[in-house]
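The values are calculated or read from the model by the stated rules, or taken from the named source; none is laboratory data. This is a predicted model, so every value here is computed, not measured. Heads up, the Cβs are rebuilt from the backbone with ideal geometry, glycines too, and the neighbour counts pull from every protein chain shown.
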Amino acid sequence: MSLADHLATGTTTVCRAWALTRRDGLVLGFTDHDRNLNFEGVDFQASSGMTARAVEQTTGLSVDNSEALGALSDVSIRETDVTAGHFDGAAVRSWLVNWKNVDERRLVFQGSLGEIERQGTLFRAELRGLAELLNQPQGRVYQRPCSAVLGDGQCGFDTLAEGFSAEADVTSISAGADLLLPALPSFADGWFTKGRLTVINGAAAGAVEVIKRDRSFGGQRQIELWSVLSAGFAPGDRVRLEAGCDKSTEACRGKFDNFLNFRGFPDIPGEDWLVSYPVQNGTNDGGSLRR
């Protein structure tokens with residue numbers, strides 16, 4: 001008997017189950033039934049404390065959406081993994097399944113995790129359907145700043161090259177986002193601004209955050225992050241700093257000597273040319289604006 005036949009009986013034994021596949025390949029299964037289920041090679045845990053709201057689905061290309069709610073658990077979903085970004089963009093599949101016969105099931109949602117919001121010891125995760133990909137920009141954007149991310153395939157620069165990265169042990173942490181490190185005299189103030197900080201060891205190993213400000217302070221190096229790092233990050237943990245890029249032609253050419261890979265359009269006219277008009281004095285030959 002199919003799931004449709006089972007639902008048609010009017011007396012049903014159905015529940016919901018969903019599988020979450022992280023980018024590192026780890027697969028986690030959850031169900032709102034009171035017993036564990038197993039199908040498609042996934043163990044769906046009933047003791048996860050995770051639930052999901054009804055999926056909103058429409059015809060056409062509009063985005064399906066829903067929410068997953070749950071408690072941060074050391075067994076399945078750890079707080080350190082969430083704050084470290086291990087669940088960002090994780091693939092999600094959801095089924096309606098007859099728990100008496102798991103062969104009678106139907107896939108009702110497929111997509112990925114969107115924004116994850118912390119609420120004390122709980123979390124709320126947005127579920128985004130496959131049509132969400134159609135909302136992503138396609139092709140290149142004509143803009144003056146570089147559109148590449150420092151160190152990615154388009155940029156091609158090795159951020160771990162000598163002189164562009166440094167490792168140090170954290171001396172102290174204030175408010176979770178203000179760090180003090182040894183002086184690092186080989187690097188000028190601001191060298192790591194807009195760069196990346198990666199935690200190498202400790203409970204928060206693997207966590208990555210963008211550097212908001214980098215300066216020397218009281219014989220030490222002060223690093224301010226854009227947001228608080230994951231729980232477990234503590235003084236004594238070793239971190240790696242990578243040089244920052246403001247995506248300008250000056251930084252690409254002067255700081256990184258990588259202008260051949262610059263992905264911006266520095267000579268594109270600005271909006272002032274939309275209201276410009278000919279004048280008797282000055283040059284109006286349509287030549288380069290960069291003299």
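For (1) at pLDDT 90 or above; (2) in contact with a strand residue (DSSP E or B) (Cβ under 9 Å, 6 or more places away or on another chain), each residue gets a yes or a no:
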site	(1), (2)
Arg215	yes, yes
Val239	yes, yes
Gly244	yes, yes
Lys247	yes, no
Lys255	yes, no
Leu260	yes, no
Asp267	no, no
Ser276	no, no
**OP:** Go through region 191-241 residue by residue and tally those that are more than 18 Å from the chain's Cα centre (by Cα), buried (at least 16 other Cβ atoms within 10 Å of the Cβ) and closer than 19 Å to Ala161 by Cβ.
**Re:** 7
Subject >> One residue from Leu150, Leu113, Leu127 being out of contact with any helix residue (DSSP H, G or I) (no Cβ under 9 Å at 6 or more places or on another chain), outside the structural domain of Thr11 (by TED's automatic domain parsing) and surrounded by 15 or more Cβ atoms within 10 Å (Cβ to Cβ) >> reply: Leu150
Subject >> Which numbered condition Leu225 fails, given (1) free of Cβ contacts under 8 Å to residues at least 40 places away in the same chain; (2) touching a Leu at 6+ places or on another chain (Cβ under 8 Å); (3) of a type outside the set (S, T, N, Q) >> reply: (1)
Subject >> Selection within region 109-168 - aliphatic (A, V, I, L, M) and over 30 Å from Asn258 (Cα atoms) >> reply: Leu113, Ile116, Leu122, Ala125, Leu127, Leu130, Ala131, Leu133, Leu134
**OP:** Considering only region 100-170, give the strands (runs of 3 or more DSSP E) lying wholly within it that have at least 1 residues that are in contact (Cβ under 8 Å) with a residue 24 or more places away in the chain, among the polar types (S, T, N, Q) and under 20 Å from Arg23 (Cβ atoms).
**Re:** none
